[in-house]
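The structure under discussion appears below in the form of structure tokens.
The values are calculated or read from the model by the stated rules, or taken from the named source; none is laboratory data. Keep in mind that this is a model prediction, so the values were computed, not measured. Neighbour counts run over all protein chains shown; Cβ positions are idealised from the backbone, glycine included. These area figures cover heavy atoms from the full protein model, side chains too; ligands, DNA and RNA do not enter into them. Shrake-Rupley method; radii C 1.70, N 1.55, O 1.52, S 1.80 Å.
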Amino acid sequence: MVESAAGGLVCAALLAVPGASAYCRGGIVVYTGQAWKALRDFDEALLEGHRSATEGNARVRARLAKDRFNASWGLGETGAAGPTGNRYGDPAGHAWVAVSGPSERTLRLNTKSIDRLANMRAFAAAALELFEEALATAR
């Protein structure tokens with residue numbers, strides 16, 4: 001998974017389950033432009049022109065996780081945790097989550113809350129629920 005505003009909570013939730021190494025290959029938190037540039041083989045074109053906190057960016061993150069970890073599924077999350085919005089004008093509580101695998105799904109979330117920790121938890125929960133839905137329909 002490639003997370004942003006959830007700050008690693010998606011990965012932490014998956015890794016909290018005993019035997020996680022059987023299904024979780026890893027995750028990264030890419031929170032800034034500087035973090036993107038720290039990725040191996042980073043190319044700005046990788047983002048396909050999608051800025052943070054957009055559906056396209058979440059989808060790119062999910063695909064990147066799937067590809068870079070050589071996994072069946074990838075999860076992506078990007079948003080504005082709060083207490084203020086982001087520099088693009090998105091309000092606190094706004095996020096997009098995506099799943100990429102045999103099928104792709106995205107979900108927009110707006111908690112309308114400025115509570116940073118609550119938003120981070122909500123973003124992570126939404127990503128995990130979306131993943132669960134994708135797994136259920138792939139069977």
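With a sphere of radius 15 Å drawn around the Cβ of R63, what net charge do the other residues whose Cβ falls strictly inside it have (Lys, Arg +1; Asp, Glu -1)?
Cβ neighbours under 15 Å give a net charge of -2.
With every protein chain present, what is the per residue accessible area of region 15-139 (1.4 Å probe, Å²)?
About 56 Å² of surface per residue is accessible.
Which of S21, S100, S52 moves most in a GNM of the chain, Cα contacts under 10 Å?
For the chain, modelled as a Gaussian network with Cα springs under 10 Å, the answer is S21.
For R121, tell me the accessible area in Å² from a 1.4 Å probe, rounded to the nearest 10.
Surface open to solvent at R121 totals about 140 Å².
Given the Cα-Cα distance of V17 and S103 and 0.36 nm per residue of separation, how much length would full extension add, in nm?
Residue separation times 0.36 nm, minus the Cα-Cα distance, leaves 28.5 nm.
With no solvent and one equal point scatterer placed on each C-alpha of region 31-127, evaluate the Debye formula and give log10 I(q)/I(0) for q = 0.16 Å⁻¹, two decimals.
The calculated log intensity ratios at q = 0.16 Å⁻¹ are -0.65.
Report the relative contact order of region 1-115, percent, no decimals, based on alpha-carbon pairs under 8 angstrom and at least 6 residues apart.
Taking the mean separation of contacting Cα pairs over the length of region 1-115, I get 24 percent.
Going from most exposed to least, what order do F123, F42 have by accessible area with a 1.4 Å probe?
From most accessible down to least: F42, F123.
With every protein chain kept in the model, how would you rank Y31, Y88 by accessible area, 1.4 Å probe, largest at the top?
Y31, Y88
How much of the accessible area of the chain, probe 1.4 Å, is carbon plus sulfur, in whole percent?
52 percent
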